[in-house]
Structure formats: C-alpha cells, structure tokens
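The structure under discussion appears below in the form of structure tokens.
The values are calculated or read from the model by the stated rules, or taken from the named source; none is laboratory data. Quick caveat, the model's predicted, so the values are computed rather than measured. Glycine also receives a Cβ, built like all others from the backbone with ideal geometry; neighbour counts cover every protein chain displayed. To get the accessible areas, we keep the full protein, side chains included, count just its heavy atoms, and leave off ligands, DNA and RNA. Shrake-Rupley method; radii C 1.70, N 1.55, O 1.52, S 1.80 Å.
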Amino acid sequence: MMDRPTGPPVRSYRTSFQTDEDPISEGGIWLNGRTDGIDWADVITRNGVVYGAVTRMAVAERRVEQGDYDDPSAVLAGAWGPDQYARAEVFSRNPTDEYFQEVEIRLRSTMEPHSCTGYEVFFRCLKTEDGYAEIVRWNGKIGDFTSLAKLTGPQYGVEDGDVIEASIAGHVIKGYVNGVEMISATDDAFGQGGPGVGFNFFVGDTNVDHGFRSFEVDTYDG
C-alpha cells in the first residue's frame, strides 16, 4: 500500500457514484471537461459507475476541426492539500485492443475554460502485452501534454475489480495496482490543484464499458 503521512488530511473526499448525473456534480463539487473546460468531454455517473461521455473525436467528420485528445475529465473543485493520495476501484467489461480504454486518476489538476493542467496516472484496461501504465503532465491547452513515464506489458494493464492508486508527494508521482507500486516519475511544474478522474478520448461506444465504481482521496499539506 502507499505510504501516507501520519498527520490528519487537510481535505478528503469519498464517493461510490450513487446518483445518476450527466455530467457528474455531486452537489457542485466536480468541474467537468466540456461544461467547465469547454475543449474536453464531460464525465457521467450511472448505475454506480463513473465513466466518460462520448467524445467529439468519435464523429469522424469533425475530427480535424475539433483537434485531438478531448479526454473526458472531471476535477474536484476548491482548495486541496498539495500532497495527494487517491484510490479507485476499476470497472471493466468487454476489454478490447480496438480502442485504448484507460482509467485515469488526476492529481494537482485545474479545470478552466480552454485550460486543464495537472498530472494524471493511468492504466489501460487490457491484460495483454499491449497493456500499459503511464504518468502524464497536462500543460493547459487541448493536446498539449508531456509523458513523464510509460511502461508496457500485461502486468501494467488492469481488469474489473482491480484497485488503482495514485499519489503525489513533493515532486514524486507514483501509480499502484492492488497495492503494488507499478510506475513513478518526478516533476515540479505544478504545486497545487485538485484531484479527479478521467478517461481516454475516441473509444467509440465502449465508453460505457470502463470506469470506476468508487473514488476516494486524502490530501495533506506538503
């Protein structure tokens, strides 16, 4: 399991997505990729699962005008401690190598019109040689991101019921599957922001086939 600070968190949140919402709100605590960020897609909750909306990239004739990487994204609003620890249970059915189905935890993220910054730790929902884990920094504009680390292989993919965790403490970012550290990176671009969830763009109608059943986060002063 992840190492956690010994002191009490300065802010925490837990949800099992019991209310059907499009987009996710849970009383206004979530900011969404299209509703608030404009250039990305929203996140939906239904039947106890959170997943990404169908992205504009799924419409072939609009591909050029819309640009790439309009990933469904949702970030918790307000002030959060800079050291962040998040945990989510994976929902996955009908895994396929046709699309890059990803489940993503966001850390130190912001969501504003035409700008989304922060870090994401994510895993492909595929337990084959094409599975992967990756840590990426979002720099602001749509399609502007930097990969900080990526590992490929069946051990880095996830399946239904797996628990993924992500943490950032100081400049160190880590990702875990079922309590085992799988990937890490260092970066000092962002010191503040909120946690959240996300999913990959352009997965067609398989957006409903992968997501999370629960999400929890504790944040601490650095």
Of (1) touching a residue at least 40 places away in the same chain (Cβ under 8 Å); (2) in a strand (DSSP E or B); (3) not polar (S, T, N, Q), Lys150 satisfies all except one. Which? (1)
Among (1) more than 22 Å from Ala41 (Cα to Cα); (2) assigned to a strand (DSSP E or B), there is one condition Val136 misses while meeting the rest; what is its number? (1)
Residues of the range 159-175 satisfying the condition of being open to solvent by less than 20 Å² (accessible area, probe 1.4 Å) and under 30 Å from Glu98 (Cβ atoms): Asp162, Ile164, Glu165, Ala166, Ile173, Gly175
Whichever residue in the range 11-25 is part of a loop (DSSP other than H, G, I, E, B) and open to solvent by 50 Å² or more (accessible area, probe 1.4 Å) and, among such residues, is nearest to Asp221 (Cα to Cα): Ser16
Return the total of residues in the range 132-157 being crowded, with 24+ Cβ neighbours inside 10 Å and among the β-branched types (Val, Ile, Thr). 1
Return the pairs, sorted by first residue and then second, in which the second residue is modelled with pLDDT of 95 or more and among the charged types (D, E, K, R), the first residue lies in the range 189-215 and is within 15 Å of Asn94 (Cα to Cα), the beta carbons are less than 6 Å apart, and the residues are 6+ apart or on different chains. Asp209/Arg93
Condition check: touching a Gly at 6+ places or on another chain (Cβ under 7 Å), at pLDDT 90 or above and closer than 23 Å to Gly161 by Cα. Does Val10 satisfy that? no
Filtering the range 190-216 down to residues that are within 15 Å of Ala74 (Cα to Cα) and among the hydrophobic types (A, V, I, L, M, F, W, C) yields Val197, Phe199, Phe201, Phe212, Phe215
Identify, by number, the condition in (1) touching a strand residue (DSSP E or B) at 6+ places or on another chain (Cβ under 8 Å); (2) buried (at least 17 other Cβ atoms within 10 Å of the Cβ); (3) assigned to a loop (DSSP other than H, G, I, E, B) that Glu129 doesn't meet. (2)
Candidate set from the range 182-222 (those that are open to solvent by 10 Å² or more (accessible area, probe 1.4 Å) and closer than 20 Å to Ile29 by Cα); member that is farthest from the chain's Cα centre (by Cα): Tyr220
Some residue of the range 27-38 being among the aromatic types (Phe, Trp, Tyr) and surrounded by fewer than 23 Cβ atoms within 10 Å (Cβ to Cβ): no
